[in-house]
1. With a cut-off of at most 11 other beta carbons within 10 Å, and DSSP calling the residue loop, which GluC sites (Glu not before Pro) in the stretch 54-126 qualify? Please list them.
2. Where a ≥ b ≥ c are the square roots of the eigenvalues of the C-alpha gyration tensor, would you call the stretch 22-100 rounded, which needs a/c under 1.5, or, failing that, prolate if a/b is larger than b/c, or oblate?
3. Can you sort 142, 41 from fewest to most other Cβ atoms within 10 Å of each residue's own Cβ?
4. Report the charge-dipole magnitude of the chain in Debye, nearest 20, computed about the Cα centre from +1 at each Lys and Arg Cβ and -1 at each Asp and Glu Cβ.
5. What do you get for chymotrypsin sites (Phe, Trp or Tyr not before Pro) in the stretch 142-223 restricted to DSSP loop and a cutoff of at most 11 other Cβ within 10 Å of the site's Cβ?
6. What are the extents of the Cα atoms of the stretch 125-221 along their three principal axes, in Å, largest first?
7. Which lysines, on any chain, are close to residue 174 with Cα under 26 Å apart, when same-chain ones fewer than 8 places away are left out?
8. So if I average 1/r over every pair of distinct C-alpha atoms in the chain and take the inverse, what Kirkwood radius in Å does that give?
Amino acid sequence: MDFLLGNLGKNNRYHIKPEAPMVVSTRDIDGNGSVDPLIFTSQKNDKGEWEQFPVQFWDNLIQQSPFFRKEFASYDAFSKANLEYYKANEFVSEQQILKATTDASQWVENLGNGQFNLHTLPDVLQLGPINDFLTFKENGETTIFVVGNDFGGPPFEGNFDGFQGILLNWDSEKEEWQTTESRHSGFHVFKDAREMGVIALNNEKKLILVTQNQDRLLVFEKK
């Protein structure tokens with residue numbers, strides 16, 4: 001059995017790679033009992049060299065903890081503080097770091113005998129975060145419905161809203177996924193979609209339900 005793995009998707013400004021991971025610090029800097037997350041990605045410094053710098057702006061960090069206001073005297077000073085600076089000044093501890101090495105949504109091929117292989121899903125599935133997959137089997141045909149997006153991004157980052165619903169079918173001859181976009185399938189889910197489910201009616205019709213964060217429930221009938 002193969003598996004589908006939803007992720008952030010490649011359509012973002014972080015460009016996460018194994019050689020340039022996203023680093024997330026989970027340390028409680030001011031000791032008030034809550035985590036003060038610091039998120040670092042690879043960015044160019046004033047010499048054009050790649051280093052790890054915070055994703056958040058200084059103002060956003062000040063809202064998290066007053067420690068950041070006291071630490072820097074200017075925006076210029078803040079802009080030059082890289083990951084090593086935060087480690088040296090004990091804002092970040094190596095023991096409290098998480099790393100992400102890929103942002104791509106993928107599928108896992110089961111090779112048998114406990115062996116698996118990771119594959120990146122087609123580009124159209126990388127336009128936004130994937131939140132749920134639904135496998136729909138009918139008349140010997142298997143279709144996978146895919147929904148996503150995230151409208152909860154902070155103001156400096158914005159929403160991840162490029163994903164509008166995709167249908168997936170496996171082509172056994174070509175041994176690859178075939179995708180059907182919403183403009184061809186009618187499965188148009190363009191907001192902050194979270195989960196899906198299926199209900200069967202008394203007349204044997206089946207309906208696909210899609211929940212959206214702080215929005216209406218969508219209902220689709222598989223033709």
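Readers should treat all values here as calculations from the given coordinates under stated rules, not as data from a laboratory. Since we're looking at a predicted model, the values are computed, not measured. When we count neighbours, we look across all protein chains shown, and the Cβ atoms used for this are built from the backbone with ideal geometry, even at glycine.
1. Here the GluC sites (Glu not before Pro) that fit, given the DSSP loop and packing criteria, are 90.
2. Working: a/c = 1.92, a/b = 1.22, b/c = 1.57.
In terms of gyration-tensor shape, oblate.
3. On the way: 142 11, 41 19.
By the 10 Å Cβ count, ascending: 142, 41.
4. Its charge dipole is roughly 360 debye.
5. 156
6. 47, 38, 19
7. In chain and number order, the partners are 10, 137, 222, 223.
8. After inverting the pairwise mean of 1/r, the radius is 20.2 Å.
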